[in-house]
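Here the structure is laid out as structure tokens; the discussion comes afterwards.
The values are calculated or read from the model by the stated rules, or taken from the named source; none is laboratory data. Here the structure is a predicted model, which is why all the values come from computation and not from measurement. Using ideal geometry, Cβ is built from the backbone for each residue, glycine included, and neighbour counts are taken over all protein chains shown.
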2 protein chains.
Amino acid sequence: MRIYGDLQSGNCLKVKYTADALGLPYEWLPVDILRGESRTAEFLAMSPMGQVPVVVFDDGRALAQSNAIVRYLARGTDLLPEAPFEQAQVDEWLFWEQNAHEFFVAGCRFQMLYLRKAAAEREPWRVARADQALDFMDAILSGRDWFAAGRLTVADISLLAYTRLAGEGGLDLTPRTSLRAWIRRCEQALGLSPVETAQ
Amino acid sequence: MRIYGDLQSGNCLKVKYTADALGLPYEWLPVDILRGESRTAEFLAMSPMGQVPVVVFDDGRALAQSNAIVRYLARGTDLLPEAPFEQAQVDEWLFWEQNAHEFFVAGCRFQMLYLRKAAAEREPWRVARADQALDFMDAILSGRDWFAAGRLTVADISLLAYTRLAGEGGLDLTPRTSLRAWIRRCEQALGLSPVETAQ
């Protein structure tokens, strides 16, 4: 399969982490979204949503939306439980990530890392919601090791991608000790080099 | 099962539409989010995310996140394809709805309907993204009748809920004729009374 993505984008890294964890071979095709490369006629013909990541399988079919992709790649493996209710609990976190986390946590990072804004230029409402999302994750993880099914699943992989890079958006993980311990657990399970999470 | 929800909330209506379409019996328990009823200690003990809808099944297990719920309720029925790739295409739209549609389209309506703001008080960036989401849906629907799998699925139900009520957020569906025709198709398939979509 071919993965169209940007290695700085957490949404794209979710797909890389999942494919690497499952040992799936792929070709990585870099897309520069700031240069509009995900909005060209050619890209839109492949994936009308005009966003990365997009995965194109060997039969030519394309799939967009990071969490739809990781869910599809992980089907039938330990990363996605077979039991319907456990699978639904993974989905709870996947949808929460897209609705209550990504726009705020990744949004802060996008402004600083891509748009080169200062921390003080981030919208206060976005920072507040990002902090709220990180606090909620920290509280959940004070009571358990993984988000769903009692083991590493795509729910963790999806949440990990932007959470471990939250510092690049001016968000401080230092006081969130349960969250930081979970980041280490995920990194170890996925064979990732640990990022700095304390300031 | 018990559905904790607010009949004005599109996220909650998704669950109602799905349960009604499948003939699933339920008890509807109204939750007033503006009065903080989804943030009480009792509610948070049931569902830590503190949002509606929440479904509590007869065995006591609770599930949150509208799209995780409708996906779970629809498993094994025509509303969710069995074939993995078709199911992933439904997921594409479910995640897109939570990431690129709900925060903007539902957000405009929340400000006007719940917070009683005037249309001019909505943030320009939110209105722009809402219009962009509706235009994209309209473009997709100019080429097909349903979002995935060539038939009504939970992708349509999820997108329908806030889209058919977009006018209440000051968004004009009038020029989006493919979108309006799809709303009618969905309403007919689901046995809903048609809403006014032209101004």
Just checking, which of B:GLU97, B:GLU123, B:GLU102, B:GLU86 is acidic (Asp, Glu) and more than 30 Å from B:ILE33 (Cα to Cα)?
B:GLU86
Being of a type outside the set (D, E, K, R) and surrounded by fewer than 22 Cβ atoms within 10 Å (Cβ to Cβ) is the filter; apply it to segment A:69-79 and report the residue that is nearest to the other protein chains (Cβ to nearest Cβ).
A:GLY76
Please state which of the following conditions B:PRO53 fails to meet, knowing it meets all the rest: (1) out of contact with any Gly (no Cβ under 7 Å at 6 or more places or on another chain); (2) within 26 Å of A:ALA148 (Cα to Cα).
(1)
Give B:ALA119, B:ALA130, B:ALA100, B:ALA106 a once-over and let me know the one that is buried (at least 16 other Cβ atoms within 10 Å of the Cβ), assigned by TED's automatic domain parsing to the domain that holds B:GLY167 and touching a Gly at 6+ places or on another chain (Cβ under 6 Å).
B:ALA106
Can you name the condition, by its number, that B:GLN188 falls short on among (1) free of Cβ contacts under 8 Å to residues at least 12 places away in the same chain; (2) assigned to a loop (DSSP other than H, G, I, E, B); (3) not hydrophobic (A, V, I, L, M, F, W, C)?
(2)
Is it true that B:SER9 is surrounded by 20 or more Cβ atoms within 10 Å (Cβ to Cβ), over 25 Å from B:ALA155 (Cα atoms) and of a type in the set (Ser, Thr, Tyr)?
no
Looking only at segment A:1-57, and only at residues there that are among the aromatic types (Phe, Trp, Tyr) and out of contact with any strand residue (DSSP E or B) (no Cβ under 6 Å at 6 or more places or on another chain), the one that is farthest from A:GLY191 (Cα to Cα):
A:PHE43
Starting from segment B:10-24, take each residue that is hydroxyl-bearing (Ser, Thr, Tyr) and list its partners that are outside any helix (DSSP H, G or I), counting only C-beta distances under 9 angstrom and pairs at least six apart or across chains.
B:TYR17/B:LEU192; B:THR18/B:LEU24; B:THR18/B:LEU79
Would you tally the residues in segment A:56-93 being within 15 Å of A:ARG151 (Cα to Cα) and of a type in the set (A, V, I, L, M)?
6
